[in-house]
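To start, the structure under review is shown below, and the notes come after it.
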Amino acid sequence: MSKRWQDLSQAQRRSIIGMTVAETAFKAAMLIDLKRRRANEVRGPKWLWASTALINSAGIAPAAYFLVGRIK
């Protein structure tokens, strides 16, 4: 059974908002970095990495990009 927003405590609401802001910022950083890099500086197709930003991944997709997807 899922809870409604008004049923959550203030701490739970703040936590959800904080995690949402952090994930959005992480995805924005990934997309900005991806846009600025040339194709030969990225492992795999850039469009595929960019499409992972559409997935609600709890930060896993951007972390994978920064750890594996970029060629230094």
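To keep it simple, each residue is scored yes or no on (1) part of a helix (DSSP H, G or I); (2) surrounded by 13 or more Cβ atoms within 10 Å (Cβ to Cβ); (3) aliphatic (A, V, I, L, M).
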site: A22; (1), (2), (3): yes, no, yes
site: F26; (1), (2), (3): yes, yes, no
site: A29; (1), (2), (3): yes, yes, yes
site: K35; (1), (2), (3): yes, no, no
site: W49; (1), (2), (3): yes, yes, no
site: T52; (1), (2), (3): yes, yes, no
site: A63; (1), (2), (3): yes, yes, yes
site: K72; (1), (2), (3): no, no, no
Filtering segment 37-47 for residues that are surrounded by 10 or more Cβ atoms within 10 Å (Cβ to Cβ), more than 10 Å from G69 (Cβ to Cβ) and among the basic types (K, R) leaves a count of 0
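Any read-out appearing in this document is the output of simple, stated calculations on the displayed coordinates, not a laboratory observation. The structure displayed is predicted, hence computed values, not measured ones. Glycine also receives a Cβ, built like all others from the backbone with ideal geometry; neighbour counts cover every protein chain displayed.
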